[in-house]
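Asker: Structure below; questions to follow.
The values are calculated or read from the model by the stated rules, or taken from the named source; none is laboratory data. Here the structure is a predicted model, which means the values were calculated and not measured. Every residue, glycine as well, gets a Cβ built from its backbone with ideal geometry; the counts of neighbours run over all protein chains shown. In case anyone asks, the SASA skips ligands and DNA or RNA and just uses the protein heavy atoms, side chains included. Shrake-Rupley method; radii C 1.70, N 1.55, O 1.52, S 1.80 Å.
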Amino acid sequence: MNAAAVLGNRSEMIERFKGNPRLPLMLGGAALAAAIAVGVLWSRSPDYKVLYSNLSERDGGAVIASLQQMNVPYKFAEGGGAVMVPADKVHEMRLRLASQGLPKSGNAGMELMDNQKFGISQFAEQVNYQRGLEGELARSIESIAAVQSARVHLAIPKPTLFVRERQKPTASIVLTLHPGRAIDEGQVAAISHLVSSSVPELTPKSISIVDQHGNLLSGNGSNERMLDATQLKYVQTLERTYVQRVESILAPIVGQGNVKAQVTADVDFSIVEHTDESYKPNQDPTRAAIRSQQTSESSQQGGSPVGGVPGALSNQPPLQAAAPVVTQQPGQPGQQGQPGQPGQPGQQAQAGQQAPGQQAGTANTQAALAGAQSGPSSNRRDSTTNYELDRTVRHVQQAPGGIRRLSVAVVINHRQVAGANGKITSEPLTAAQLAQIENLAKEAMGFSPARGDSLNVVNSPFTSGDEIKPELPLWKQPEMIELAKTAAQYLLLALLALFVWFKVARPILRKYTAPPLPPPAENNAAESVLLPVEEQQPDPEVLRLTAKYESDLALVRDAAQRDPRLVASVIKNWMSSDER
């Protein structure tokens, strides 16, 4: 567009403004109304207050997404570390976000130990350490995909020097799982070992794990006496193994698919600890080991006891004893002056002194003579012998998973035999064949009569499953029902298409494809030609419009003659506007 055209446009716009003096007034009024509206909106803008501050990136994104879903305006402050909402919606938004579990990072970790005050007590420091440890464990558990949030409670007793007063630490964990998700036994065991490895002297058995519905996930308490998924899986695997062993050894004999076996295993999952201490008597005293032996012997010889009235005579001391003359007998100890024989004590050569053996013999002889003279004597002998006792101590710990009893059921199909005419018939197995199959099954299952195992082998024909069914009517057959459903769907689609065509598409096509109406002048001329002479009366409105059209056409022609350039620019503007 050249400069002349631009100048022409400007002059045309100026002429329009001059020709319509209300246009500037309208534009000024519109600008004033816009300014007033902006001022009112600015004055009514809400006052924003902090909703949450110091949010992590994960929690901040979740909070912003929830605010956008609820159509709540928000702003950022403090360099993006705080989220601000209108002041009248702060408390409402906090409650609504709390119902959604936001923000999630409410657990304080070891950052509690960063800002320790000077002079803090040991108790407060221990509490902060325990809180930080609980927060760190909760964050670690929340990193599992199925866990939405977690809370950890640690009960750490105070250490003591007395062994009897020591207590083991315990832990409790509450898990909030994502909707529609669950954790298996392996993940529960992993969480238990994770927590027990982080706290000294904490064992996995001392950890209780509960979900948001109050279900106990860990294997503590009464669940230890119940079968868990691992034990049930072990039983199923054991039974499946025995079934495969029985079927694999019988399939080559009766053919593949002609043998079916089922096994029921009674498995003992109890943990048994048995301590036995037994004592056996000594059957052979000659071979018994003597622990200790004690012999006590006492002898009393003499006359009748002293009697009479106590006095001077009875209190006198005994007379001086005199050695009697004893004749040496053969086999007695040697005489004086002779050396003692082997095995016999010899006498001493000096008078008035005797050997120990001779003194003992003399004393015994004197005691015998005195006893013979004084009367009867009493003898006492006690002997105690302690033998070593047999002792057997046995400590047995039986691992769980032992088989108490096996029950096996085997079904054998009748064997197929080809007849003389080529027709295949089935006949039962013989008794010898059944006995052979039963023996093979016993060997495969490890049959034990002491354990109480049972085996039942049955020979019966297998049914093919192709039972003769009564013929259904045509309208009840599944194929016809499916065909009718398909035909009904296509018929419904056809009716819908016809409705759209006749009620929607066809009227629209008629509207846009109808031929244009003839011009009014031509219509009037045609009507004037076709109408009778008496009906061709001029219409006042038509006459007025025709006169106005003729006057406007005359004015345009006059302007074109006076200023052709202006008319050319106007036509050019019309053409450019039509191209747009």
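Asker: Given the structure, is residue 36 within 30 Å of residue 571 (Cβ to Cβ), modelled with pLDDT under 85 and of a type in the set (Val, Ile, Thr)?
Answerer: no
Asker: Restricting attention to the stretch 147-184, which residues are open to solvent by 50 Å² or more (accessible area, probe 1.4 Å), among the β-branched types (Val, Ile, Thr) and farther than 19 Å from residue 123 by Cβ?
Answerer: 163, 170, 174
Asker: While we're here: Considering only the stretch 249-288, how many residues are modelled with pLDDT of 70 or more, outside any strand (DSSP E or B) and open to solvent by less than 60 Å² (accessible area, probe 1.4 Å)?
Answerer: Number of matching residues: 8.
Yes/no matrix, rows are residues, columns are (1) farther than 30 Å from residue 409 by Cβ; (2) touching a helix residue (DSSP H, G or I) at 6+ places or on another chain (Cβ under 7 Å); (3) at pLDDT below 75:
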residue	(1), (2), (3)
456	no, no, no
462	no, no, no
472	yes, no, yes
478	yes, no, no
500	yes, no, no
522	yes, no, yes
527	yes, no, yes
535	yes, no, yes
541	yes, no, yes
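To keep it simple, each residue is scored yes or no on (1) under 30 Å from residue 70 (Cα atoms); (2) modelled with pLDDT of 85 or more.
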{"site": "100", "(1), (2)": "yes, no"}
{"site": "112", "(1), (2)": "no, no"}
{"site": "140", "(1), (2)": "no, yes"}
{"site": "163", "(1), (2)": "no, no"}
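Asker: Something else about it: Here are some residues: 140, 192, 196. Which one is under 25 Å from residue 56 (Cα atoms), hydroxyl-bearing (Ser, Thr, Tyr) and in contact with a helix residue (DSSP H, G or I) (Cβ under 7 Å, 6 or more places away or on another chain)?
Answerer: Just one listed residue meets the conditions, 140.
Asker: Here's a follow-up. Check 77, 30, 82, 65 and return the single one that is out of contact with any helix residue (DSSP H, G or I) (no Cβ under 8 Å at 6 or more places or on another chain), more than 30 Å from residue 142 (Cα to Cα) and modelled with pLDDT of 70 or more.
Answerer: 30 is the lone residue from the list that is out of contact with any helix residue (DSSP H, G or I) (no Cβ under 8 Å at 6 or more places or on another chain), more than 30 Å from residue 142 (Cα to Cα) and modelled with pLDDT of 70 or more.
Asker: Next question. Of these, 416, 433, 489, which one is open to solvent by 60 Å² or more (accessible area, probe 1.4 Å), polar (S, T, N, Q) and either within 21 Å of residue 244 (Cβ to Cβ) or assigned to a helix (DSSP H, G or I) (or both)?
Answerer: Only one candidate passes the filter, namely 489.
Asker: In addition: How many residues are in contact with a Ser or Thr (Cβ under 8 Å, 6 or more places away or on another chain) and not in a strand (DSSP E or B) when one looks only at the stretch 395-413?
Answerer: Qualifying residue count for the region: 2.
Asker: Please name all residue pairs, on different chains or six or more residues apart, with Cβ atoms under 9 Å, provided the first residue is in the stretch 180-204 and is closer than 18 Å to residue 149 by Cα and the second residue is open to solvent by less than 70 Å² (accessible area, probe 1.4 Å) and of a type in the set (Asp, Glu).
Answerer: Final answer for the pair search is 182/211; 183/211.
Asker: Filter the stretch 439-457 down to the residues that are open to solvent by less than 60 Å² (accessible area, probe 1.4 Å) and assigned to a helix (DSSP H, G or I), then identify the one that is nearest to residue 242 (Cα to Cα).
Answerer: Among those residues, the one meeting the criterion is 445.
Asker: Quick check on the stretch 168-193: of everything there that is part of a loop (DSSP other than H, G, I, E, B) and touching a strand residue (DSSP E or B) at 6+ places or on another chain (Cβ under 9 Å), which residue is nearest to residue 136 (Cα to Cα)?
Answerer: 169
Asker: Also, I was wondering about something else. Please go through the stretch 51-99 and pick out each residue that is touching a residue at least 40 places away in the same chain (Cβ under 8 Å) and assigned to a strand (DSSP E or B).
Answerer: Listed by number, the residues that qualify are 51, 52, 86.
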